[in-house]
Amino acid sequence: MTINLLTRLTKRPITRRLLAASALLALSLPAAGQALSADDAAQLAKARPEAAQLIDAPVERAEGNLQSARTLPNPVASLEREGVDGFGGDGAETIVSIEQSWDFSGRRTLNQRGAEADIEAARFNALSRAANLGVEARRSYFELLAARKKLSIAARYESELSNLLNETARREQAGDAARYDVERVRQETLAASIALTEAETELYTAEQSLAALIGAEPLAGQVVLTDALLPDTVISEAYSVAASPVIRALQAEAEGARWRRESASKFMPDITFGAGVRQTEGLSESTGLLFSLSVPLPLFDRNQGEYRARAADVNEAEARVRLTEAQLASEIASLRNRAQSLIAATDRYESGALSSATELREIAQSAFNGGEIAVFEIIDALQSARDAELRTISLQHDARKAVLDLAELLPETEQ
């Protein structure tokens, strides 16, 4: 699952990950005659070095912010020298000191916890991003599969009409067909030729899209796509919104906001301690130790503005969690229902209209060859069969897209 990919990626330095991903990609890219599944396409898309960088960057940024939150402020070293008759004269005094600020209010610890929550959110967002890359590759995979099927139908239909045109022209020469019949078939043949060109263009676009996602050269027609366009099942209802990485990332963001609100409620300022050495030169030389303590007095600025801003962040983050949960639940229910309905509708259509149209085409071809029906009747039968096949592909593809949209909302289901 995607979580395994993230675990594998986040446990290795980025340079080694990129080299490993590049090697995997080079070894796995589909060549002519090779089989390619939707799973293969998804893994290739996620294994690209650019994908690893996109997944890693937010996590590494959050880890860097945590490192900053854990780091103490730098101490301040100072040197002072004062002399009555110049810096080198009698009565000169030199003070060397070092100062360090300390947080006794607990703000630094609270900010660290907020940064840790940000890392958790970044990791869940990375899960979603990795899964979405896989879903996008699957979309392109099935777009290509559908385009190939449409091209096959368009090519067969154009071939059938070309053969019909030749046969009708032969019958005209023999006196068994009218010129009208020949021109009628010719018009439909030209339209079929244009439809074939459009299908070829759609196929080329789909090939380019998938190749760009998986980092390969244009796939052309030699790569065998092994998956079926129509999905077998829909994601089980056992997957809940609460388990979604999207929601868990938002919950982690809300937790980080709460820690920062708590930090902002601490208005006690940092205390600065200092220690040093004072040396007096001249007639009475002496050396002594110095200690200092400074505290800003919270008379005017008690951090009220910062607290209000962080409290607003908490309210916004918590509201976003609730709204997103409700929205996801609604969208998931709708997509699950749509996918199930489309799968059932496709089964009914294939066993009904498609089967009938295919049988009608075979009957019409036999009847035309036997001289029992006219040209417009065989054209109508061929068109009906073509339209039924295209409708079937459209239903299958719509069902697949609904399942993929559902997987995008539930990234943990993306394999």
Contact list, first residue from segment 297-312 and closer than 17 Å to residue 254 by Cα and assigned to a helix (DSSP H, G or I), second anywhere and open to solvent by 50 Å² or more (accessible area, probe 1.4 Å) and of a type in the set (D, E, K, R), beta-carbon distance below 6 Å, six or more apart or interchain, is 310/260; 310/261; 311/261
Looking at 118, 176, 181, 103, which one is more than 30 Å from residue 395 (Cβ to Cβ) and under 24 Å from the mean Cα position of the chain (by Cα)? 118
Considering only residues of segment 183-192 that are farther than 14 Å from residue 386 by Cα and not basic (Lys, Arg), which is least open to solvent (accessible area, probe 1.4 Å)? 185
Return the total of residues in segment 231-246 being at pLDDT 90 or above and surrounded by fewer than 20 Cβ atoms within 10 Å (Cβ to Cβ). 0
Options 126, 122: the member that is in contact with a Lys or Arg (Cβ under 9 Å, 6 or more places away or on another chain), open to solvent by less than 30 Å² (accessible area, probe 1.4 Å) and part of a helix (DSSP H, G or I): 122
Of the residues 287, 272, 346, which is in contact with a Ser or Thr (Cβ under 9 Å, 6 or more places away or on another chain), among the β-branched types (Val, Ile, Thr), more than 24 Å from residue 109 (Cβ to Cβ) and in a strand (DSSP E or B)? 287
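This table checks each residue for (1) over 20 Å from residue 162 (Cβ atoms); (2) modelled with pLDDT of 95 or more.
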residue: 178; (1), (2): no, no
residue: 182; (1), (2): no, no
residue: 191; (1), (2): no, yes
residue: 199; (1), (2): no, yes
residue: 204; (1), (2): yes, no
residue: 207; (1), (2): yes, no
residue: 210; (1), (2): yes, no
residue: 217; (1), (2): yes, no
For residue 385, which of the numbered conditions (1) in contact with a helix residue (DSSP H, G or I) (Cβ under 6 Å, 6 or more places away or on another chain); (2) open to solvent by 10 Å² or more (accessible area, probe 1.4 Å) fails to hold? (2)
Would you confirm whether or not segment 390-398 contains a residue that is basic (Lys, Arg), under 30 Å from residue 137 (Cα atoms) and open to solvent by 60 Å² or more (accessible area, probe 1.4 Å)? yes
Qualifying positions in segment 21-48 - out of contact with any Gly (no Cβ under 8 Å at 6 or more places or on another chain), buried (at least 18 other Cβ atoms within 10 Å of the Cβ) and modelled with pLDDT of 85 or more: 36, 38, 40, 41, 47
Could you list, in sequence order, all residues of segment 277-312 that are within 25 Å of residue 246 (Cα to Cα) and either among the basic types (Lys, Arg) or open to solvent by 60 Å² or more (accessible area, probe 1.4 Å) (or both)? 310
Pairs, first assigned to a helix (DSSP H, G or I) in segment 85-112, second at pLDDT 90 or above and open to solvent by less than 40 Å² (accessible area, probe 1.4 Å), C-beta under 6 Å, six or more apart: 107/263; 110/263; 111/69; 111/263; 112/69
Please go through segment 151-182 and pick out each residue that is among the charged types (D, E, K, R), in contact with an Asp or Glu (Cβ under 8 Å, 6 or more places away or on another chain) and open to solvent by less than 60 Å² (accessible area, probe 1.4 Å). 171, 172, 181
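The values are calculated or read from the model by the stated rules, or taken from the named source; none is laboratory data. Everything numeric in this text was worked out from a predicted model, so none of it was measured. A quick note on method: Cβ atoms are made from the backbone with ideal geometry, for glycine too, and the neighbour counts reach across all protein chains shown. Keep in mind that these areas ignore ligands, DNA and RNA; they rest on the heavy atoms of the full protein, side chains included. Shrake-Rupley method; radii C 1.70, N 1.55, O 1.52, S 1.80 Å.
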